[in-house]
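Enquirer: Below you will find the structure I want to go over with you.
The values are calculated or read from the model by the stated rules, or taken from the named source; none is laboratory data. A quick note: this is a predicted structure, and the numbers were derived from the prediction, not measured. Methodologically, a virtual Cβ is constructed for each residue, glycine included, from the backbone with ideal geometry; neighbour enumeration extends over all protein chains shown.
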Amino acid sequence: MEYKSETKNCQNCKKDFTIESDDFGFYEKIKVPPPTFCPECRQQRRMAWRNDITFYNRNCDLCGKLIISLYHKDKSLTVYCNKCWWSDKWDPKSYAQDLDFSRPFFEQFRKLQDKVPLPSLFNDDGIGSLNCEYTENVTFAKNCYMVSMSWFIKDCMYGYSIGGPETSDVVDSLGIFHYSQIIYEGIFLEHCYNCRNCYYSSALNDCSFCYDCKGCSNCFMCANLRQKKYCILNKQYTKEKYEKILADYHLETYSGSEKAKKEFTEFMKKQIRRFADILNCVKCSGQGLINSKNSKDVFWSRAIEDSRFIWRSNEIKDSYDLTPGGKSSESYESLTSDHDFQVLFSIYSLKSQESSYVENCHSSKNLFGCSAIKHGEYCILNKQYSKNEYFKLRNKLIEHMKKTGEYGEFFPAKLSHFGYNETIAMEYFPLTKEEAINNGFKWWDDVQKTINKETLKKEQIEDSILEVKESILDEVLACDLCNRNYKITKNEFLFYKKYLIPIPRKCFYCRRKERLQLENPFKLWHRHCMKEGCQNEFETSYAPERPEIIYCKSCYNKEVY
Ligand SMILES: [Zn+2]
Ligand SMILES: [Zn+2]
Ligand SMILES: [Zn+2]
Ligand SMILES: [Zn+2]
């Protein structure tokens, strides 16, 4: 059937958004009504369910062990350590509830969520990973600290979206993949080795402060170079001259690093940029997209097919609205969907099929409104039914939810286990407490943050890492920007010493925030190529008011290759 595109008004932000003809085909196929929230509000709502970096100490409610958790101990939630949560020591079906067709579904689901134990963190520390206590959504990793949404990595710290294979020693970085090692302050890199402050690049060796470079080695403060060696500010030098200039910058000092950062920022203002970092894709739009086809509005993802509104995902087919997802197909409106098939409206669903409105359910099929079911089938609100009863009741429930206006929408943000300020929604859509509450989000006042406890002022930290002594491990520092106290860990100290990186003057949270701000928003604008005389148009994540010089693909390639 052919559909016409339609303009709808978002029930949340009241802005218009368009549902295109292909979109109607998708919603028809998965049998859900078209969304009533715009793509951005949908993303924000999902994100309000994901806490990546706000950790607390508490006890496991089953074994009593002191654990690291995403959930503050004062929240009325049952939280188990990973080993207990994944064990057979408890039965999620013992929390089964009967359906009540006189009440809205989400209200009943909330009651279930309040009782069913949650995993303290979503990582496999002590199971598939080793020594990764302070990580979230990390699997098959070794010796990682303060890392989230990452897999198959080792010895990484303060990272976000880092993926193997053979990826290690990545510190303070975002979106680093495939055979990358010794990376400091990197964004969107692959196949890079020993690089510092490099962005949107691949196959670099021993480079620092480079943007959109490929196959280069020993380059410093360069942009848009291909297969070059010994360049500074895009100018060719001899090896000896290059080494002399680089040494004179003293990147091992805080002052030298800051000077380089400022000069690089100025240099970048005059460099052209591709309208989108899209590589090896057919009929795609978005940013940071690799090896994909027929997919629109996809961000920081690879191997995506026939999908839309996908964020930080891998190997996705026929799916919409995944934040993020891996190896899922025909799935929709899900937060962290992994190896799923036909899973709609899910939170941390793994290896499941034909299920809807599920949270922390794994290796299951035909579940509706369930929490923490593993290897289950035909359950609603964690209650076991026969196959016939299940389908009868599920269909009745869907009709009920259509009447209450609940069916087809993600879990409301007010049901989230987290305050808005504890989640990644706060990083991408910052709100004040008042704004958050007015918009139906929750807020958590007791976020752990110490200030005024510093034992060493920033002026007292040695400028050069060569001068810094191990005694800094006993000191409490204060962030240059937000005053939050922070400490340098042993492994971090050893990394800085080994790779001659000055001690950071900002806390981890501010460093992460600055990095995220270097990423474009997940939104596209229709714009023209800025090369004089070129009439090409494109969809770009660079907003029209931004200062960057944006070129279409052919103009960019003419200047760069
Ligand atoms: Zn909206
Ligand atoms: Zn336990
Ligand atoms: Zn800070
Ligand atoms: Zn052009």
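Enquirer: Restrict the check to the stretch 156-163 and report whether at least one residue is of a type in the set (Val, Ile, Thr), surrounded by 18 or more Cβ atoms within 10 Å (Cβ to Cβ) and within 23 Å of residue 326 (Cβ to Cβ).
Expert: Yes, the stretch 156-163 contains a residue that is of a type in the set (Val, Ile, Thr), surrounded by 18 or more Cβ atoms within 10 Å (Cβ to Cβ) and within 23 Å of residue 326 (Cβ to Cβ).
Enquirer: Would you call residue 76 at pLDDT below 95, within 22 Å of residue 136 (Cβ to Cβ) and small (Gly, Ala, Ser)?
Expert: yes
Enquirer: If you go through the stretch 331-361, how many residues are farther than 16 Å from residue 112 by Cα and either small (Gly, Ala, Ser) or over 21 Å from the mean Cα position of the chain (by Cα) (or both)?
Expert: Of the residues in the stretch 331-361, 10 are farther than 16 Å from residue 112 by Cα and either small (Gly, Ala, Ser) or over 21 Å from the mean Cα position of the chain (by Cα) (or both).
Enquirer: Quick check on this structure: which one of 30, 19 is among the β-branched types (Val, Ile, Thr), surrounded by fewer than 20 Cβ atoms within 10 Å (Cβ to Cβ) and within 16 Å of ligand 1 (Cβ to nearest atom)?
Expert: Of the residues listed, the single one that is among the β-branched types (Val, Ile, Thr), surrounded by fewer than 20 Cβ atoms within 10 Å (Cβ to Cβ) and within 16 Å of ligand 1 (Cβ to nearest atom) is 19.
Enquirer: Here is a list of conditions, (1) within 29 Å of the chain's Cα centre (by Cα); (2) free of Cβ contacts under 8 Å to residues at least 12 places away in the same chain, and residue 388 meets all of them except one; can you say which number that is?
Expert: The single condition residue 388 does not satisfy is (1).
Enquirer: If you don't mind, another one. Is it true that some residue in the stretch 265-275 is crowded, with 23+ Cβ neighbours inside 10 Å and within 19 Å of the chain's Cα centre (by Cα)?
Expert: no
Enquirer: Within the stretch 307-321, how many residues are surrounded by 24 or more Cβ atoms within 10 Å (Cβ to Cβ) and outside any loop (DSSP other than H, G, I, E, B)?
Expert: 5
Yes/no matrix, rows are residues, columns are (1) outside any helix (DSSP H, G or I); (2) in contact with an Asp or Glu (Cβ under 8 Å, 6 or more places away or on another chain); (3) of a type outside the set (Gly, Ala, Ser); (4) modelled with pLDDT of 95 or more:
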site	(1), (2), (3), (4)
346	yes, yes, no, yes
356	yes, no, no, yes
369	yes, no, no, yes
389	no, no, yes, yes
394	no, no, yes, yes
397	no, no, yes, yes
408	yes, no, no, yes
417	yes, no, yes, yes
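Enquirer: I'd like to verify a number: residues in the stretch 516-541 that are more than 9 Å from ligand 4 (Cβ to nearest atom), closer than 28 Å to residue 557 by Cβ and touching a residue at least 24 places away in the same chain (Cβ under 8 Å), how many?
Expert: Number of matching residues: 11.
Enquirer: Please go through the stretch 480-512 and pick out each residue that is more than 17 Å from residue 454 (Cα to Cα) and either of a type in the set (Lys, Arg) or within 16 Å of ligand 4 (Cβ to nearest atom) (or both).
Expert: Hits for the stretch 480-512 are 490, 497, 498, 511, 512.
Enquirer: A follow-up question, please. Step by step: first the residues of the stretch 459-479, then only those that are within 12 Å of residue 502 (Cβ to Cβ) and surrounded by 14 or more Cβ atoms within 10 Å (Cβ to Cβ), then the one that is farthest from ligand 4 (Cβ to nearest atom). Which residue is that?
Expert: Out of the qualifying residues, it is 472.
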